[in-house]
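Working notes for the structure below.
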Amino acid sequence: NKGKYEHYMQKEIHEQPESLTTTMRGRLIRGGSSKRKSVLLGGLKDHLKTIRRSRRIVFIGCGTSYNAALAARPLLEELSGIPVMMEIASDLLDRQAPIYRDDTIIFVSQSGETADTLNALEYALENGALCVGITNTVGSAIARNTHCGVHINAGSEIGVASTKAYTSQIVVMAMVSLAIGADTISSKPRREAIIESLLNLPEMKDLAQSLISEQSLLMFGRGYNYATALEGALKVKEVALMHSEGILAGEMKHGPLALVDENLPIVVIATRDQSFSKQQSVIQQLKARKGRLIVMCTEGDAAAVCGGSGRVIEVPLVVDCLQPVVNIVPLQLLSYHLTVLRGYNVDQPRNLAKSVTTE
Ligand code: UD1
Ligand code: F6R
């Protein structure tokens with residue numbers, strides 16, 4: 001049931017304040033006179049010791065689920081002190097990459113039924129690693145076949161393009177990072193700030209109007225928001241059927257800069273975190289080449305960041321590691337509106353299926 005919305009994708013984007021609340025429900029302990037603030041993940045608590053002892057942690061997923069893991073990676077590395085590697089499921093299998101008994105492998109899958117991810121799970125089980133699932137679907141193959149895991153509880157997602165599952169996956173992986181790190185917990189107020197932020201996000205309709213007949217769109221991000229650039233570009237590609245590429249801003253001079261001219265629209269993510277000054281210099285360099293910029297910045301930073309020229313998307317500031325949860329929402333809305341304006345099917349993009357059960 002779409003309720004007051006025209007499409008499932010639109011409904012699921014707007015549902016994110018609630019889906020994130022459900023994802024966190026019962027899992028955060030507020031603290032008080034005797035209790036410490038903490039994270040309680042029922043599905044992981046008996047395995048945390050083993051995870052903390054592992055030599056490395058490997059995230060495995062496909063598409064949007066891979067991007068969600070990429071967004072969570074810096075926090076998991078920071079809080080666990082364990083090296084965290086990223087693997088796209090099909091690529092890991094193509095390479096038959098080494099996996100060891102002292103590895104913890106985290107399988108991220110909304111449906112829990114993706115063939116590539118399942119094949120990677122089988123491979124990791126054969127190699128003796130601890131296998132952890134992060135899925136939205138209770139009783140799915142990934143939930144059943146992993147040693148332990150966490151359900152993201154985002155509610156069923158009907159639109160083929162994943163939106164609310166993405167943000168819930170990031171939040172679950174942030175909670176997993178806190179549980180593994182165990183002692184740095186001030187997370188409840190941070191998450192409340194995010195929910196609050198999500199409620200106040202701006203509509204993206206006019207920006208979509210200005211991009212309706214473009215051929216291509218680039219998105220530059222780095223640090224915590226490299227994943228946001230990849231995921232924003234994936235959304236534009238898959239639903240608006242427009243070419244789009246997410247690029248690590250640190251790679252700009254190593255090739256992509258050649259594409260910049262006054263026509264190609266470029267989204268630059270420059271919200272406040274440790275990458276901010278580097279992103280400001282990226283903006284200056286793109287401007288010097290007359291790039292057609294759309295800058296995503298923190299509320300109140302518009303004038304400072306882009307000096308009044310180009311389009312600006314302002315987003316509320318949250319703690320750096322959770323900023324990707326906020327930053328993706330305007331890009332989801334942008335891809336949604338762009339799709340509707342271009343007249344394509346939002347909920348069932350051509351050639352795509354919600355659950356990819358073949359290789
Ligand atoms: C569980 C209950 C929830 C209840 C709560 C109360 C289920 C599905 N969840 O939630 O209804 O309100 O206790 O304490 O009954 N698992 C995997 N792989 C995965 C995902 C999960 O093995 O990919 C396992 C977990 O290790 C755990 C079980 O499935 O043993 C349930 O996981 P989860 O729903 O995340 O646990 P709780 O949040 O504790
Ligand atoms: C994109 C999208 C896909 C899925 C991918 C993995 O919007 O939904 O990229 O993320 O097919 O699916 P799951 O998460 O079900 O394993």
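Brief remarks follow.
- Evaluation of GLU18 against the conditions (1) open to solvent by 20 Å² or more (accessible area, probe 1.4 Å); (2) more than 25 Å from ASP347 (Cβ to Cβ); (3) not in a loop (DSSP other than H, G, I, E, B) shows that the sole unmet condition is (2).
- Tally, over segment 289-319, of residues that are part of a loop (DSSP other than H, G, I, E, B) and polar (S, T, N, Q): 1
- Given (1) open to solvent by less than 10 Å² (accessible area, probe 1.4 Å); (2) out of contact with any helix residue (DSSP H, G or I) (no Cβ under 7 Å at 6 or more places or on another chain); (3) without any contact (Cβ under 8 Å) to a residue 24 or more places away in the chain, number of the condition GLY307 does not satisfy: (1)
- Scanning segment 274-301 for residues that are open to solvent by less than 30 Å² (accessible area, probe 1.4 Å) and either of a type outside the set (Val, Ile, Thr) or touching a residue at least 40 places away in the same chain (Cβ under 8 Å) (or both) turns up SER275, PHE276, GLN279, VAL282, LEU286, GLY291, LEU293, ILE294, MET296, CYS297, ASP301.
- Residue list for segment 77-87, filter: open to solvent by less than 40 Å² (accessible area, probe 1.4 Å) and in a loop (DSSP other than H, G, I, E, B): ILE82
- Just one of the numbered conditions (1) closer than 25 Å to ASN351 by Cα; (2) buried (at least 24 other Cβ atoms within 10 Å of the Cβ) is not true of GLY155: (2).
- Residue selected from segment 175-223 under the condition at pLDDT 90 or above and assigned to a helix (DSSP H, G or I), by the criterion most open to solvent (accessible area, probe 1.4 Å): GLY223
- Selection of segment 88-122 for residues being more than 16 Å from ligand 2 (Cβ to nearest atom), open to solvent by 30 Å² or more (accessible area, probe 1.4 Å) and of a type outside the set (Asp, Glu) yields ARG95, GLN96, PRO98, TYR100, ARG101.
- Among the residues of this structure, VAL108 counts as one that is of a type in the set (A, V, I, L, M, F, W, C), under 29 Å from TYR5 (Cβ atoms) and within 14 Å of ligand 1 (Cβ to nearest atom).
- Criterion applied to LEU264, LEU352, LEU338, LEU334 was being away from ligand 2 (no atom under 16 Å from the Cβ) and of a type in the set (A, V, I, L, M), and the one residue passing it is LEU264.
- Look at (1) within 16 Å of ligand 2 (Cβ to nearest atom); (2) on the phi < 0 side of the Ramachandran plot; (3) open to solvent by less than 50 Å² (accessible area, probe 1.4 Å) and you find that ARG27 fails only one, number (1).
- For segment 136-151, the candidate set comprises residues that are within 8 Å of ligand 1 (Cβ to nearest atom) and of a type in the set (A, V, I, L, M, F, W, C); within that set, the residue that is farthest from ASN1 (Cα to Cα) is CYS148.
- Filtered residues of segment 331-359 (kept if surrounded by fewer than 23 Cβ atoms within 10 Å (Cβ to Cβ) and assigned to a helix (DSSP H, G or I)): HIS337, VAL340, LEU341, ARG342
- Subset tally (residues that are touching a helix residue (DSSP H, G or I) at 6+ places or on another chain (Cβ under 8 Å) and either in contact (Cβ under 8 Å) with a residue 60 or more places away in the chain or farther than 14 Å from MET219 by Cα (or both)) for segment 254-271: 1
- Residue count for segment 39-73, restricted to those that are within 16 Å of ligand 2 (Cβ to nearest atom) and not in a strand (DSSP E or B): 11
- GLU12 vs. criteria open to solvent by less than 50 Å² (accessible area, probe 1.4 Å) and either more than 26 Å from PRO330 (Cβ to Cβ) or assigned to a strand (DSSP E or B) (or both): no
The values are calculated or read from the model by the stated rules, or taken from the named source; none is laboratory data. What you are looking at is a predicted structure, and each value in this text was computed from that prediction instead of being measured. Using ideal geometry, Cβ is built from the backbone for each residue, glycine included, and neighbour counts are taken over all protein chains shown. Surface accessibility is based on the protein's heavy atoms, side chains included, excluding ligands, DNA and RNA. Shrake-Rupley method; radii C 1.70, N 1.55, O 1.52, S 1.80 Å.
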